[in-house]
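Written out below as structure tokens is the structure these notes cover.
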Amino acid sequence: MLRLFRGSMVVITLAAAPALAQQAPQVPAGAPLPPFEAELAAGGGWFLDDEAIGHSLVGAAARWHLTPRLAVGPEWTYWRGPGQDRDLTLTGNVTFFLRRGGLTPFFVGGAGLFRHSDQFAGRVESSTEGGVTLGGGLRVPFAQGWYLAPEWRMGWEPHMRVHVAIGRRF
């Protein structure tokens with residue numbers, strides 16, 4: 001079921017991208033970008049162990065532009081796995097946009113903390129350690145200041161994730 005949901009999100013986003021991009025206002029090459037962006041995201045991920053352990057995830061991020069194509073900011077994600085398996089990540093991210101306006105591919109990397117908890121023998125055990133992520137996506141504008149951004153990432157703690165964010169530039 002989770003696989004069908006994730007696949008549907010990606011297909012719908014990619015199918016709608018051309019129509020949404022045509023309707024979105026274009027940013028002139030010399031126009032300044034708003035300095036702040038906020039996003040909410042949902043999707044799925046897999047921690048790699050003896051076999052992939054599927055999780056659903058939700059997250060939020062903020063981003064401040066240092067230049068028109070380079071931005072930094074925090075990201076928080078909450079992962080829900082099987083049983084009592086829960087993970088929380090807090091990373092500081094750097095995002096590089098390959099172009100301005102319209103359909104915009106981007107790369108993102110981050111480093112921070114990964115907190116894992118699960119129940120073993122009736123007792124909740126938790127651990128926190130450092131981690132990194134690296135990936136990319138495509139920003140698809142659909143209204144003044146609004147965009148969708150499907151994204152793929154991998155990282156350490158060994159994991160892979162796919163999500164779609166909705167964002168707003170302020």
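The values are calculated or read from the model by the stated rules, or taken from the named source; none is laboratory data. Note that the coordinates shown come from a computational prediction; the quantities given were computed from them, not determined experimentally. Cβ placement follows ideal geometry from the backbone for every residue including glycine, while neighbour counts extend to all protein chains displayed. Surface accessibility is based on the protein's heavy atoms, side chains included, excluding ligands, DNA and RNA. Shrake-Rupley method; radii C 1.70, N 1.55, O 1.52, S 1.80 Å.
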Considering amide H positions built from the backbone, and no H for Pro or chain starts, which residues 5 or more places from GLU157, or on another chain, come under 5 Å of its amide H?
VAL132
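Can you send over the carbon and sulfur percentage of the accessible area for region 107-170, probe radius 1.4 Å, protein chains only?
Taking all protein chains in place, region 107-170 shows 67 percent carbon and sulfur surface.
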Add +1 for every Lys or Arg and -1 for every Asp or Glu among the other residues with Cβ under 9 Å from the Cβ of THR77, and state the total.
-1
Kirkwood hydrodynamic radius (Cα pairs, Å) of region 21-170?
16.2
Hydrodynamic radius of region 67-138 per Kirkwood, over alpha carbon pairs, in Å:
14.0
According to a simple spin-label model (label point 7 Å from Cα along Cα-to-Cβ), what is the distance in nm between MET154 and ILE166?
3.1
Taking the highest mean first, how do the peptides 113-125, 132-144 order by number of other beta carbon atoms within 10 angstrom per residue?
132-144, 113-125
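Per residue, how much accessible area does region 69-149 show when a 1.4 Å probe rolls over the protein heavy atoms, in square angstrom? Don't skip to the end; give the middle numbers.
Values: 4020 Å² over 81 residues.
Computed with neighbouring chains in place, this is 50 Å² per residue.
Among 61-68, 90-97, what's the highest-first ranking by average C-beta atoms within 10 angstrom per residue? List each step's numbers first, then the result.
Working: 61-68: 15.8, 90-97: 17.6.
The most tightly packed comes first, giving 90-97, 61-68.
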